[in-house]
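Q: The structure follows.
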Amino acid sequence: MSWTMPSLHSQVALLGNMESRNQSTVTEFIFTGFPRLQDGSLLYFFPLLFIYTFITIGNLLIFSAVRLSTHLHNPMYNFISIFSFLEIWYTTATISKMLSNLISEKKAISMMGCFLQMYFFHSLGNSGGILLTTMAIDRYVAICNPLRYQMIMTPRLCTQLSADSCIFGFLILLPEIVIFSTLPFCGPNQIHQIFCDLVPVLSLACTDTSMILIEDVIHAVTIIITFLIIALSYIRIVTVILRIPSSEGRQKAFSTCAGHLMVFLIFFGSVSLMYLHFSDTYPPVLDTAIALMFTVLAPFFNPIIYSLRNKDMNNVIKKLFCFQKVLNKSGS
């Protein structure tokens, strides 16, 4: 019996195959931000399910009210309805998977599912942020240049601005996610969070992670620029409102901006806590609490602000309910 040493080519090929297998061992990510309680996840599941249901139904009501009522066919309510529609899918991108993980023993997500969650969550968030900026400009024109408002904010321009907000929000992140999906992940596969986010996932890549610093800088610059645009708009708006001679006129002007201003403060407040870190690392409990505020609590307050605090919206929603009751009685 003869024995021969494997050729150098065969050895290189074998080592290459072993390396490729080692570089592709991760097929899923495990979330470590969920509570570690024996049979206690239902304590979190039902409140989260209630909040998600409330967000979905509340935003659907707002979207339907604006679309069905001619009284609300103006630029401000058009932007609100688009924002509400985005909020439904924005929360669905993360909360639906959170609910699934709360009742699953293994808090996991596939690699492809993780990349898709990141893409849709941040794309919808970007679209919402751009739309809030557009709404601030709309309020600026309405308060500071009311005589030309109808000429400037035409239905065609409003449709174009809404569409551009969504298209730009979805396109801007696409190259980044494509690059992320080509990175090697060879372990560990534990994400110290309750959903897939860009920086926590990037830190797991088996390659140079200096891109994390670039990610942080891009997030910070984008947030600060958007915040400054909206803040400067409202400084000018408040200045003009304070010059209105009648108290009734001032109150009416403030009421048209109050809802958007509150949503802006909640949205960008939670975004700032999430991405403008004042330290390199947060304690895990604080990190999870900030993530919940960003993904759950901020969207929870938006339907309340835009419906309960808005008389026109309130009246239209009540009419919709009354109309539904009439239809049910006539059908029975």
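Q: Per-residue HN-Hα couplings for region 181-187, Karplus 6.51 cos²θ - 1.76 cosθ + 1.60 at θ = phi - 60°, whole Hz, x for Gly and Pro?
A: 5, 8, 6, x, 10, 10, x
Q: When you count, for each residue, the other Cβ atoms within 10 Å and take the mean per peptide, how do 140-149, 238-247, 254-263 rank with the highest first?
A: Top to bottom by mean Cβ count within 10 Å: 254-263, 140-149, 238-247.
Q: Using all C-alpha to C-alpha distances in region 94-174, build P(r) with 5 Å bins and read off the rounded percent in each one.
A: 3, 14, 16, 15, 12, 11, 9, 7, 6, 4, 2, 1, 0
Q: While we're looking at this one, here's another question. Sort all Cα-Cα distances of region 97-137 into consecutive 5 angstrom bins from zero, then give the percent of pairs in each bin up to the one containing the longest distance.
A: 6, 21, 15, 18, 13, 10, 9, 5, 2, 0
Q: Then there's this: If amide hydrogens are placed 1.01 Å from N in the peptide plane, which non-local residues have theirs closer than 5 Å to the one on Ala108?
A: The list, which skips near neighbours in sequence, is Phe31.
Q: Hey, can you grab everything whose amide H is under 5 Å from the amide H of Gln190? Only 5+ residues off in sequence or another chain; H modelled, so Pro and N-termini drop out.
A: Ile30
Q: What is the ratio of the Cα radius of gyration of region 209-276 to 2.2 N^0.38 Å, where N is its residue count, to two decimals?
A: Dividing the Cα Rg of region 209-276 by 2.2 N^0.38 Å gives 1.50.
Q: Semi-axes of the equivalent ellipsoid of region 90-228: what are they in whole Å, largest first, if each equals the square root of 5 times a C-alpha gyration tensor eigenvalue?
A: 36, 17, 12
Q: Using a 1.4 Å probe over the heavy atoms of the protein chains, calculate the carbon and sulfur portion of the accessible area of region 89-131 as a whole percent.
A: The value for region 89-131 is 68 percent carbon and sulfur by accessible area.
Q: Sticking with this structure for a sec: Applying the Karplus parametrisation 6.51 cos²θ - 1.76 cosθ + 1.60 with θ = phi - 60° to the phi angles of region 155-166, what ³J(HN,Hα) value in whole Hz is obtained for each residue in order, glycine and proline being reported as x?
A: Ordered by residue, 3J(HN,Hα) equals x, 5, 5, 4, 4, 5, 5, 5, 5, 5, 4, 5 Hz.
Q: Then there is this: Say each of Phe168 and Ile304 gets a label point 7 Å from the Cα, pointing the same way as Cα to Cβ; how far apart are those two points in nm?
A: 3.1
Q: Convert each backbone phi in region 234-246 into a coupling constant with the Karplus relation 6.51 cos²θ - 1.76 cosθ + 1.60 (shift: θ = phi - 60°), then list the ³J(HN,Hα) values in order as whole Hz, x for Gly and Pro.
A: Coupling constants for region 234-246: 6, 5, 5, 4, 5, 4, 5, 4, 5, 8, 5, x, 8 Hz.
Q: If you don't mind, there's one more thing I want to ask. For Phe79, what is the net charge nearby, where nearby means another residue's Cβ is under 10 Å from its Cβ and Lys, Arg count +1, Asp, Glu -1?
A: Within the 10 Å Cβ shell, the charges total 0.
Q: Considering only protein heavy atoms, what per residue accessible area in square angstrom results for region 116-213 with a 1.4 angstrom probe? Don't jump to the answer; show the numbers that get you there.
A: Details: 4600 Å² over 98 residues.
Averaged over the residues of region 116-213, the accessible area is 47 Å².
The values are calculated or read from the model by the stated rules, or taken from the named source; none is laboratory data. All figures in this text were calculated on a predicted structure; none of them were measured in a lab. Reconstructed Cβ throughout: ideal geometry from the backbone, glycine too, with neighbour counts over all protein chains shown. All accessible areas refer to the heavy atoms of the entire protein, side chains included, with ligands and DNA or RNA removed. Shrake-Rupley method; radii C 1.70, N 1.55, O 1.52, S 1.80 Å.
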